[in-house]
Amino acid sequence: MADEVRKIAMIGQKRSPSREGGVEVVVTQLSVRMAKRGYYLDLYNRWGYHVSGRSFTDESGITYPEIRTLKIPTFRNGKLNAIVYTILGTIRALFGRYDVIHYHAEGPCIMLWLPKLFGIRVIATIHGLDWQRAKWGNFASKVLKTGEKVAAKYADEVIVLSKNVQEYFKTTYGRDTHYIPNGIEKPNFKEAEQIKDKWGLEKDGYILFLARIVPEKGLHYLIDAYEQLHTDKRLVIAGGSSNAMEYMEKIRRKASENENILMTDFVQGEILAELLSNAYLFVLPSDIEGMSISLLEAMSYGNCCLVSDINENIEVVEDMALSFRKGDVQDLKEKLSGLLEDKAKVEAFKQNASGFITNKYNWDNVIDETLKLYKKPANMK
């Protein structure tokens, strides 16, 4: 079977290429790297535009002849958008003569039983326990939980990004899974040029938060802690919303009350690279994570990182970053204060972060392990 796998479908991303979320980054990386190895991929994208605005939508596609992007029509209504996309995308994929259909995230997995019924090999990547996220209402949470159950029962192989989720699938469903964490590359560092011209930001002059602005990322803890500090370093909040506009407005109101808090909205390209290259400190105060791409990126740029002590964060950083108790604003404030006062400690973490994270997480290894699962005969466990 190994030589027979040539054509693959990816279902679950909003759009690819895109940086709208971790799923989109992963699908783009997998697709480009598999195309370079001679595989053919169809990316089933949702119709529509980037969540932060049409101007951020990459209309160019991926310039590899082995990759096609297919736009699946769906509703503008956020509650129905994903499920309609998943149903229509799956039905279309049945006629694509695919060797493998790879579903990403719990929600889209709700339909993977259908291609399985037609004898197509199906792989599910669980990017996190999405039904736990505060932004989803009761109906959406039930759909996500159902997708999780379908993946556990019907997927030929299940990929997880953290050992915590791997243990969850084993204890909850008795399902063996494959731990294949995301990868990262060593980046090119950038001087503070555009961010200086645009916002007056200097090297080591700010604390950086980079993530989607949704409740589970814990940004409200960081703002509350920052407001108790006495520092001339600014707090830079970089990220767009994702189906959590009420929370976004709450954050905007809080930020507007402090002139040292800067909200850049969604960023990418050179500006993103400059922000990551010149921060004094990177903070990820999440309540819930799958495997944070922004944390991998921050460490790859040699940042000193302060993260909440959830398993998914600690598993990534080990002892190469500092942590605080999840949801504890006072502990976060004390850790921030200590790092602001101890530049030598910050520099020590910065010296080791990039080499550690780029050696630990490698995209080529991710591709190798994923392709093994694509090619694995169904009767082998």
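If you check F95 against the conditions, is it at pLDDT below 95 and part of a loop (DSSP other than H, G, I, E, B)? Considered against the rule, which asks whether it is at pLDDT below 95 and part of a loop (DSSP other than H, G, I, E, B), F95 comes out as no.
Can F169 be described as outside any helix (DSSP H, G or I) and over 19 Å from K335 (Cβ atoms)? Taking the combined requirement at face value, the residue does not satisfy it.
When K163 is tested against (1) under 20 Å from the mean Cα position of the chain (by Cα); (2) buried (at least 17 other Cβ atoms within 10 Å of the Cβ), just one condition goes unmet, and that condition is (2). In the set F356, F266, only one residue is of a type in the set (F, W, Y) and either at pLDDT 95 or above or farther than 23 Å from E185 by Cβ (or both); that residue is F356. Inclusion of A273 among residues that are closer than 19 Å to V25 by Cα, in contact with a strand residue (DSSP E or B) (Cβ under 9 Å, 6 or more places away or on another chain), assigned to a helix (DSSP H, G or I) and in contact (Cβ under 8 Å) with a residue 40 or more places away in the chain is not warranted. Of the candidates Y221, Y247, the single residue that is in a helix (DSSP H, G or I), surrounded by 22 or more Cβ atoms within 10 Å (Cβ to Cβ), touching a helix residue (DSSP H, G or I) at 6+ places or on another chain (Cβ under 6 Å) and assigned by TED's automatic domain parsing to the domain that holds I314 is Y221. Cβ-Cβ distances below 7 Å connect the following pairs, each with a first residue in region 293-314 that is without any contact (Cβ under 8 Å) to a residue 12 or more places away in the chain, a second residue that is assigned to a strand (DSSP E or B), and a separation of six or more residues or different chains: I314/S323. In region 30-68, of all residues being closer than 11 Å to P17 by Cα, among the β-branched types (V, I, T) and within 20 Å of the chain's Cα centre (by Cα), the one that is modelled with the highest pLDDT corresponds to V32. Scanning region 1-35 for residues that are assigned to a strand (DSSP E or B) and surrounded by fewer than 22 Cβ atoms within 10 Å (Cβ to Cβ) yields one hit, K7.
Restricting attention to region 276-302 and to residues that are in contact with a strand residue (DSSP E or B) (Cβ under 8 Å, 6 or more places away or on another chain) and assigned to a loop (DSSP other than H, G, I, E, B), the residue that is surrounded by the most Cβ atoms within 10 Å (Cβ to Cβ) turns out to be A279. Among residues of region 326-337 that are within 18 Å of I314 (Cα to Cα), those with a beta-carbon under 7 Å from a residue that is among the basic types (K, R) at least six positions away or on a different chain give the pairs D331/R325.
Taken over region 169-184, residues that are among the β-branched types (V, I, T) and touching a residue at least 40 places away in the same chain (Cβ under 8 Å) amount to 3. Selection within region 303-317: residues that are under 19 Å from the mean Cα position of the chain (by Cα) and assigned to a loop (DSSP other than H, G, I, E, B). The member of this set that is surrounded by the fewest Cβ atoms within 10 Å (Cβ to Cβ) is D309. For beta carbons closer than 7 Å, sequence separation of 6+ or different chains, a first residue in region 86-109 that is over 13 Å from V122 (Cβ atoms) and in contact (Cβ under 8 Å) with a residue 60 or more places away in the chain and a second that is in a helix (DSSP H, G or I) and acidic (D, E), the qualifying pairs are A105/D130; G107/D130.
Working only within region 306-330, note down all residues that are within 22 Å of L340 (Cβ to Cβ), among the hydrophobic types (A, V, I, L, M, F, W, C) and in contact with a strand residue (DSSP E or B) (Cβ under 7 Å, 6 or more places away or on another chain).
Within region 306-330, L306, V307, V317, A321, L322, F324 meet the criteria.
Flag set for S337, criterion: among the small types (G, A, S), surrounded by 13 or more Cβ atoms within 10 Å (Cβ to Cβ), over 27 Å from the mean Cα position of the chain (by Cα) and part of a helix (DSSP H, G or I).
Considering the conditions (1) part of a helix (DSSP H, G or I); (2) touching a helix residue (DSSP H, G or I) at 6+ places or on another chain (Cβ under 8 Å), L235 is excluded by exactly one of them, (1). Checked against (1) of a type in the set (G, A, S); (2) over 12 Å from F209 (Cα atoms); (3) at pLDDT 95 or above, S292 meets all criteria but (3). Output yes when any residue across region 179-188 is assigned by TED's automatic domain parsing to the domain that holds L114 and not in a loop (DSSP other than H, G, I, E, B), and no when none is. Checking region 179-188: at least one residue is assigned by TED's automatic domain parsing to the domain that holds L114 and not in a loop (DSSP other than H, G, I, E, B).
The values are calculated or read from the model by the stated rules, or taken from the named source; none is laboratory data. Because the structure is a prediction, the values reported are computed rather than measured. Neighbour counts are summed over all protein chains in view; Cβ atoms, including those assigned to glycine, are modelled from backbone coordinates with ideal geometry.
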